[in-house]
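The values are calculated or read from the model by the stated rules, or taken from the named source; none is laboratory data. Remember, it's a predicted structure, so these values are computed and weren't measured experimentally. Positions of Cβ are generated from backbone atoms using ideal geometry, with glycine treated the same way; all protein chains shown enter the neighbour counts. Calculation scope for accessible area: heavy atoms of the full protein, side chains included, ligands and nucleic acids excluded. Shrake-Rupley method; radii C 1.70, N 1.55, O 1.52, S 1.80 Å.
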Amino acid sequence: MDKIKDTRSFMRITHRYLGYFLAGIMAVYSLSGILLVYRDTDFLKNEKKYEKNIAANLTEKELKKELKMKGLEVEKTEGSVLYFKQGTYDSATGKAKYTKKELPFVLDKMVSLHKSQSKDAISPLSVFFGISLFFFVISSFWMFNPKTKAFKRGIKFTIAGLIISLILLFI
């Protein structure tokens, strides 16, 4: 019985202090996650104009990759100038003039938390955060005695949350 009490005590204390520690990180992740829901819109984005000299004679696919513009489509070509919705590209000189809608610097950095890759400097924070959230899931089952009504109701809510998440994933 002491082993169970020790485990419950450890989980509760670790859950509490890890929760306090992660409160700021969770605030940033939650706000940036909300912003990502609207990434297909212009919500909070500002238009920025660019003029770049890039390689000449790029194909449409190469131009899209070079300018990092997913929806780029050449609408017409006049001489060596390619026209697309966001700007122009002179394939003879390599001069590109275009506009992009981007989030303000701070918001863009916040959103990058969700897009980090293993090569990024921020990736250890993302892994730590993910592991911590998983610990929260597990440790929450030690918050109440399994014989209590609150625990049994909590299990029902957990199952409901899992089922709803799975349904929404596959719709």
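Structure notes:
- When the range 55-70 is filtered for residues that are closer than 15 Å to Lys95 by Cβ, among the hydrophobic types (A, V, I, L, M, F, W, C) and within 25 Å of the chain's Cα centre (by Cα), only Leu67 remains.
- Lys85 being among the basic types (Lys, Arg) and in contact with a strand residue (DSSP E or B) (Cβ under 8 Å, 6 or more places away or on another chain): yes
- Taking the criterion of being open to solvent by less than 80 Å² (accessible area, probe 1.4 Å) and either in contact (Cβ under 8 Å) with a residue 24 or more places away in the chain or closer than 17 Å to Asp108 by Cα (or both), the residues of the range 59-71 that qualify are Leu63, Leu67, Met69.
- Filtered residues of the range 72-104 (kept if in a loop (DSSP other than H, G, I, E, B), free of Cβ contacts under 8 Å to residues at least 24 places away in the same chain and either hydroxyl-bearing (Ser, Thr, Tyr) or closer than 28 Å to Val28 by Cβ (or both)): Ser80
- Residues located in the range 23-54, provided they are farther than 30 Å from Lys95 by Cα and of a type outside the set (A, V, I, L, M, F, W, C): Gly24, Tyr29, Ser30, Ser32, Gly33, Tyr38
- Per-region count, the range 128-160, residues within 21 Å of the chain's Cα centre (by Cα) and open to solvent by less than 90 Å² (accessible area, probe 1.4 Å): 8
- A Cβ distance below 8 Å, combined with a sequence gap of six or more or placement on separate chains, defines the contacts here; from the range 39-52, residues that are part of a strand (DSSP E or B) reach residues that are among the β-branched types (Val, Ile, Thr) in the pairs Glu47/Thr99; Lys48/Thr99; Lys49/Thr99; Tyr50/Thr99.
- Verdict on Ser118 being free of Cβ contacts under 8 Å to residues at least 24 places away in the same chain and either open to solvent by 60 Å² or more (accessible area, probe 1.4 Å) or not polar (S, T, N, Q) (or both): yes
- Taking the range 26-38 as the range and being in a helix (DSSP H, G or I) and over 19 Å from Ser139 (Cα atoms) as the test, the residues that pass are Ala27, Val28, Tyr29, Ser30, Leu31, Ser32, Gly33, Ile34, Leu35, Leu36, Val37.
- Scanning the range 3-58 for residues that are among the small types (Gly, Ala, Ser) and at pLDDT 95 or above, we see that the one that is surrounded by the fewest Cβ atoms within 10 Å (Cβ to Cβ) is Ala55.
- Residue within the range 97-109 that is in contact with a Ser or Thr (Cβ under 8 Å, 6 or more places away or on another chain), modelled with pLDDT under 95 and within 30 Å of Leu22 (Cβ to Cβ) present: yes
- If the condition is being in a helix (DSSP H, G or I) and touching a helix residue (DSSP H, G or I) at 6+ places or on another chain (Cβ under 7 Å), then the range 105-134 contributes Leu107, Met110, Val111, Phe129, Ser132.
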